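Report on one structure; see the data block that follows.
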Amino acid sequence: MALDFLILYEHTVREYESDLLLKLELERRGYKVAIRQLLDRKKPSLFTWNKPRVLVSSCMYDNEAINSHVYNNIGRCDRIVNLHWEQMLSDTQEEGDWFNMNGNAKKCVQTCWGRRTADRLIAHGMEPKNTPVTGAVMMDFLRPEFDGYFKSKAQLCAEHGLDPNKQLHLYISSFGYASMTEQEVRELSEMAGTDFTGFAATNRVSMAQTLDWFDRYLADHPEVELVYRRHPSEWNSPALAELAARRPNFHVIFADSVKQWIVAADSISIWMSTAIAEVYMAGKSCHILRPAPIEHEYDPVIYAGAKYITDYEGFCAAMGEEDPPFPIAREIIEGYFDPSATPAYKRMADLLEQVYKEPPRDHPMGEGFTPHFNWLKFFALWGVHILFALRLPPQKVFFFHKGLADFAQRIYGYVEKAYIPKSQIRAMEDRIRPFVR
């Protein structure tokens, strides 16, 4: 029997847990579902006897995305639903062309977490039938129906060597540019066609000032354990290492999901992360620490009009609040993350069932789309996956040709980063399954 749904993911940490929740719900309804990574080797069976009826993508911005994510994975398909993982944007991004879909991507079903995103896409030329509001699946884990899914504070603290009797303060960082060198910032700016020099400077200034606040506060408050949830790009930060060495109650931890830490924390602070929506959905509050203004073109629009803490005195006062009000207006948060008595994964599954059973809403691969199969990528992925299975780095295998070695090594790195052992997948499914009912 052919696949009913194929779900493609890009970033493991961002997407896989939610994809599994959706997969288990669809399987509970009797459908055959598979999850694959965008750079998994291409399977001929998915073009023929096991071709899925509905392709569920992680992003879908233009014709090239349709070609790369759909045509090069399963061939022609007019039932394309985008899980649309990038919806928390700056005002500049909201007004630009890229995030409002181009070409035949407007004919794909672009799911929206809230009414504000749907209205924006419609204002930029999409039809309402292709902008359904489903809610955000990743927020479902924070609903009352999932009570018991996360570890308790005591369990989490025990696993990380923290004192559960102390106040657990969480800081969610987004200082991805702070650890970059000037050369790295220039290279990124050239690649993206946008000058990130000013924003990188804002990162550095804001991070330095925030760490200074933490240093001073922790020196006077030994009853606090502060967990710094670093950004993935902050893996090489001397400033964090220095503060951790100086203050035994400052901890840089990347293990466990940000949702897990939000649920366990007694107090939460944040800079500009979109995880602020997860704080809200968890029924908690937080403080937005802004020692320096952020350029509007990089600041998520959800932060517009929010209450910020801009100096150390304000920070100390905020830490003493037992039940602070949420710093962003309710109507703004709920405009981007639609509240509903029905979990988003069930609403999403209802939509996918509808797309599965009904005639295609549009024809994304019709007029205006020119398919192109990438044979180089097809064979390259097979080769890289063989090397990965044998744990043979391409730079060593292709030492005789630098260009080939660099090309293969780049793909190898993406494959390695996205790899999830089958045992881990089974463990994740076993953990989620009891809550799917």
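The values are calculated or read from the model by the stated rules, or taken from the named source; none is laboratory data. Remember, it's a predicted structure, so these values are computed and weren't measured experimentally. All Cβ positions, even for glycine, are placed from backbone atoms using ideal geometry, and neighbour counts span all protein chains on display. Accessible surface is based on the protein model in full, side chains and every heavy atom, while ligands, DNA and RNA are left aside. Shrake-Rupley method; radii C 1.70, N 1.55, O 1.52, S 1.80 Å.
Checked against the criterion of being under 30 Å from Met138 (Cβ atoms) and touching a residue at least 60 places away in the same chain (Cβ under 8 Å), segment 190-199 contains one or more residues that satisfy it.
Applying the criterion of being among the β-branched types (Val, Ile, Thr) and free of Cβ contacts under 8 Å to residues at least 60 places away in the same chain to the residues of segment 10-41, the residue that is nearest to Ala389 (Cα to Cα) is Ile35. For segment 18-38, the set of residues classified as within 21 Å of Val415 (Cα to Cα) and either polar (S, T, N, Q) or surrounded by fewer than 19 Cβ atoms within 10 Å (Cβ to Cβ) (or both) consists of Ser18, Ala34, Arg36, Gln37, Leu38, listed by residue number. Whether a residue is in a helix (DSSP H, G or I), modelled with pLDDT under 95 and of a type in the set (Val, Ile, Thr) was assessed, and Val13 passes this test. Ile411 - would you say it is of a type in the set (A, V, I, L, M, F, W, C) and crowded, with 17+ Cβ neighbours inside 10 Å? Yes. Taking the listed residues Asp338, Asp323, the one that is of a type in the set (Asp, Glu), exposed (fewer than 15 other Cβ atoms within 10 Å of the Cβ) and in contact (Cβ under 8 Å) with a residue 24 or more places away in the chain is Asp323, with no other qualifying. You will find that of Asp119, Asp97, Asp62, the residue that is open to solvent by 30 Å² or more (accessible area, probe 1.4 Å), in contact (Cβ under 8 Å) with a residue 40 or more places away in the chain and acidic (Asp, Glu) is Asp62 and no other.
The set of residues in segment 63-95 that are in a helix (DSSP H, G or I) and among the hydrophobic types (A, V, I, L, M, F, W, C) comprises Ala65, Ile66, Val70, Ile74. Out of everything in segment 211-242 that is within 21 Å of Val13 (Cα to Cα) and open to solvent by 40 Å² or more (accessible area, probe 1.4 Å), what residue ends up being modelled with the highest pLDDT? Step by step, filter segment 211-242, then rank; the result is Arg230. For segment 243-259, filtered to residues that are assigned to a helix (DSSP H, G or I) and touching a Phe, Trp or Tyr at 6+ places or on another chain (Cβ under 7 Å), the residue that is most open to solvent (accessible area, probe 1.4 Å) is Ala244. With respect to the conditions (1) over 30 Å from Gly283 (Cβ atoms); (2) outside any helix (DSSP H, G or I), Met191 falls short on a single one, namely (2). The set of residues in segment 151-191 that are among the aromatic types (Phe, Trp, Tyr) and modelled with pLDDT under 95 comprises Phe175, Tyr177.
For the structure I just gave you, tell me whether Gln110 is modelled with pLDDT of 95 or more and either open to solvent by less than 30 Å² (accessible area, probe 1.4 Å) or closer than 17 Å to Ser58 by Cα (or both). So Gln110 passes the test. The residue list Ala178, Ala201, Ala208 contains one member that is out of contact with any Gly (no Cβ under 7 Å at 6 or more places or on another chain), open to solvent by less than 40 Å² (accessible area, probe 1.4 Å) and farther than 24 Å from Glu321 by Cβ, which is Ala178.
Would segment 296-319 turn up any residue that is part of a loop (DSSP other than H, G, I, E, B), modelled with pLDDT under 95, closer than 18 Å to Gly335 by Cα and acidic (Asp, Glu)? Yes, because at least one residue in segment 296-319 is part of a loop (DSSP other than H, G, I, E, B), modelled with pLDDT under 95, closer than 18 Å to Gly335 by Cα and acidic (Asp, Glu).
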